[in-house]
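Below: one structure, written as structure tokens.
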Amino acid sequence: MSFFTKKISRRAIMQALIVLPTLSLFRGLPETTSSNADPDAIVEINGWILKRSDLV
């Protein structure tokens, strides 16, 4: 363990601990590319329920 702490600074460890929770926020984002989206999928936009193909 002492070898590990000598190689990595305390600042680098703290930055890594701060970044880890923020990465989990991006994991749950929906896909925004139209090539992967199902055209018959139903989506809600501003209270309106539409087919994705109606938005194109």
- Message: If Ser9 meets every condition in (1) open to solvent by less than 100 Å² (accessible area, probe 1.4 Å); (2) under 20 Å from the mean Cα position of the chain (by Cα); (3) at pLDDT 75 or above apart from one, which number is that one?
- Response: (2)
- Enumeration of residues in the range 38-56 that are in contact with a helix residue (DSSP H, G or I) (Cβ under 6 Å, 6 or more places away or on another chain) and at pLDDT below 80: Pro39
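The values are calculated or read from the model by the stated rules, or taken from the named source; none is laboratory data. Quantities reported herein were computed from a predicted structural model and do not represent experimental measurements. Cβ coordinates were reconstructed from backbone atoms using ideal geometry, including for glycine residues, and neighbour counts include every protein chain displayed. For accessibility, only protein heavy atoms count, side chains too; no ligands or nucleic acids. Shrake-Rupley method; radii C 1.70, N 1.55, O 1.52, S 1.80 Å.
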